[in-house]
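Colleague: One structure, as structure tokens, below. Some questions next.
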Amino acid sequence: MQVAIDPILFLIAIVVVIGIFVARAAEHRKFPRTLPLILTGIALGVLNSLFSTPLFDLQGMGIPIEIVATLALSAVLFREGLVLDVDALKRNVKPVILLASLGTVLTTFLIGILGQFAFELTLILALLFGAIFSPTDPAATFALFEGGGTKIKKKLETTLGGESAFNDAVGIVIVTRIFLPAAQTNQFQLNVLLIVWTLIGGIIIGFASGWLGNLLIARVRRKMEISLITLSVGLLAFSLAELSGSSGAIAALLAGITLGSPHIVRKPPFPKEGTLELWGNISFLGEIVAFILIGAFFNPLEAIAFIPLALFMTAIILISRPVAVLISTLGIDLSLGEKLFVGWTGMRGLATAALVAISFEGLHLSNATSATAILNASMLVLLFTSAIQGLSIPLIAAETNVVEEIDELEEITAKQIATAAVILRLHEALENKEIGRLAYTRLATPFQDEYRILTERKKSLETEQRNVIRALKLELESYMNAIDRLYEALEVCDIGDRSCEDLVHQYERRIQEVEAQLLRLTEPAERSSLKERLFGSIRRVLNRKKVSEETGKVEKVVDIEDVGELKDLGEIEDIDSNDLNNELPE
């Protein structure tokens, strides 16, 4: 089949541009981007059908939607592997493995059995539906909290992230090797060797590709070259696995883990800034294209008949996941609130969308009716669950006490301290002729740029905080004035005792709340303690013999403000003396 390139490029250009703005708008409003991206795809598909000559013919273009979705999922899994904290995962390996294996299987069967009972579906089709919705995508969940200045407990973040990565892999095997072939032939024919090879082959190929990537990276130095090698490794792992009949997604995940944690293959670490940025952009692009194209293939008029099924299956899914989590985590060191949060946070995302596309393509020739039912019902359920969970997760997190508040100003101050210390150490190495000027410039420039960005952000936050404090003080003064005025009115008998007492109690409660907020915003003790700990660490790392010597070095940097004078120090213009001078411990 000959594929026309020009209309495909035109379509991709439209999808990417629109998708970027839609996704950013969703993140700004602290909402998972799955729902708006799919709705954007549906809108594009409907708009396209209104033209007498459609702008793009999705069917005629020959775009293999299941390949697009699988590639996008593999890119996301590769990136998840790169950023996965293996050491933290080891500390939480038991709940991760149980949730990714037992939890995924339990969710599949709970959804399948309840779905078959409620709608008289065939057992195979009901279990296929359950398997499609068993993988989770907590990345969208984390974005809700990070955008709001809060953070999930580290233990839960590791558990959810690890589970998401591994249950995506398990879900792919269950769908593609068990339930989809059964739905195509309408009978179970388990090929145990194929199932085992899909898992083991993907693990071996991914691990070997990651080892090879680390070997190659050790022979290059530039960040661009490192990023390109990781790109080649990701493509190599996926393609070799698919050619060998194993899972490309599993291979991509294991390759990412091996590259992201080179110590597990006894290879030295490498700078990951450029690599993470590259793969962040690739996975973001993959999500945009996959969600919008899958949405464009979806016909909302056909889906109307499946709304009752989708609503009931949504309820079944939202019940089945927490039940499966509670059963899977029996004996695990998680509180009931944490288990309920993990259960409710099983948001569906790219893995589910990819499995929907794979199932539709695999069924539409052999069983067109089932393929249509899977596509329409699954897309509706994906929309419903994204909306319900996206709106309710912040509330559930607050009620289950799993959120840790972030003091962004304190974090920025800590980063400033560390960044300035690195710059000082590099300058000292330059003065002592430990490194040359070219090496100094190359190494110091990123830290100098980061310090400027941190300084600007810190000033902005301090301004916001001052405005908040000013507003709270005005509010406090207003309530106090209101209480005084109420007592004056009571004295001249303008109001009765009961009315005065009720309002005074109400205002006093609010005064207590405002005073607590002011105390939290103006209390410096915790920040001072943090600075002392950080400076103690900096002093040990830099092997300073005397604090006075370090102070002298800092003053030397602080005194330089003119760019023309920065012969040796690069472009440092505004290191805050409070960060490195005034707060040094004795």
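Colleague: From the convex hull of the Cα coordinates of region 355-443, what is the mean projected area in square nanometres?
Modeller: Averaging across all directions leaves 12.5 nm² for the Cα convex hull.
Colleague: When a footprinting reagent is the concern and you count Cβ atoms within 10 Å, what order do 442, 348, 425 take, fewest first?
Modeller: Ranked by crowding around the Cβ, least crowded first: 442, 425, 348.
Colleague: What is the extension gain from residue 312 to residue 188, computed as 0.36 nm multiplied by their sequence separation minus the C-alpha to C-alpha distance, in nm to one decimal?
Modeller: Extra length available between residue 312 and residue 188 comes to 42.0 nm.
Colleague: I would also like to ask the following. In region 250-292, whose amide N lies under 15 Å from the spot 7 Å out along Cα-to-Cβ of residue 83? List them in ranges.
Modeller: 256-257, 260-261, 272-288
Colleague: When a footprinting reagent is the concern and you count Cβ atoms within 10 Å, what order do 500, 493 take, fewest first?
Modeller: Result, fewest neighbours first: 493, 500.
Colleague: Quote the FRET efficiency, to the nearest 0.05, computed for residue 490 versus residue 336 with a Förster distance R0 of 51 Å and r equal to the Cβ-Cβ distance.
Modeller: With R0 = 51 Å, the Cβ-Cβ based efficiency is 0.55.
Colleague: Now for a separate question. Just to verify a number: FRET efficiency for residue 429 and residue 232, C-beta to C-beta distance, R0 = 35 Å, to 0.05?
Modeller: E between residue 429 and residue 232, to the nearest 0.05, is 0.55.
Colleague: Give the value in nm², to one decimal: projected area of the alpha carbon convex hull of region 71-110, averaged over all directions.
Modeller: Average of the hull's projected areas for region 71-110 equals 3.5 nm².
Colleague: I'd like the FRET efficiency for residue 452 and residue 122, computed as 1/(1 + (r/R0)^6) with the beta carbon distance as r and R0 of 45 Å, rounded to 0.05.
Modeller: Plugging the Cβ-Cβ distance into 1/(1 + (r/R0)^6) gives 0.10.
Colleague: With a point put 7 Å past each Cα toward its Cβ, work out how far residue 155 is from residue 93 in nm, to one decimal.
Modeller: 1.9 nm
Colleague: Next up: Would you order 230, 329 from fewest to most other beta-carbon atoms within 10 Å of each residue's own beta-carbon?
Modeller: So the ranking, lowest neighbour count to highest, is 329, 230.
Colleague: Which length gain, in nm to one decimal place, applies between residue 50 and residue 475 when the Cα-Cα distance is subtracted from 0.36 nm times their residue separation?
Modeller: That works out to 147.5 nm of additional length.
Colleague: Suppose the Debye formula is applied to equal point scatterers at every Cα of region 271-400; what is log10 I(q)/I(0) at q = 0.09, 0.15, 0.17, 0.18 Å⁻¹?
Modeller: -0.36, -0.88, -1.01, -1.06
Only the coordinates and a few stated rules stand behind these numbers; no lab work does. These numbers come from a predicted model, not from an experiment. Neighbour counts run over all protein chains shown; Cβ positions are idealised from the backbone, glycine included.
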